[in-house]
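One structure below.
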Amino acid sequence: LQEGEELRVASGALVAFSQGVDFDIQTVAGFKNVIFGGEGLFVTTLTGPGTVFLQGQPPERMISEIARRVPSGGIGLAVPIGGGMGGGGGEGGEGEGEATS
């Protein structure tokens, strides 16, 4: 980071930083916090000068971490599964239009 340059990162991605880098850790409140199960999401703001070392996550782990924080009832968003192509589910086929008693 250059003098005065800021970098905001998820706290879990921060590995280390050199002497001279200032840091501030904050909790993200509101909507994002609800998505992550109310456990809180921390963001670290780093201000230069200095060097910052970060780590990433494989996509599978990131998806797993998000999924485990979604309440069991979901978050109320419909996610279509499949291509929506083809029949099934009462679209045409045998017995269509016949009355039953």
Task: Where labels lie 7 Å past Cα in the beta-carbon direction, separation of Glu6 and Gln26 in nm - done: 0.7 nm
Task: Distance (nanometres) between label positions extended 7 Å along Cα→Cβ at Met62 and Gln19 - done: 3.5 nm
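Throughout, read-outs are computed from the coordinates displayed, never taken from laboratory work. Everything numeric in this text was worked out from a predicted model, so none of it was measured. As a convention, Cβ positions derive from the backbone with ideal geometry for all residues, glycine included, and neighbour counts pool all protein chains shown.
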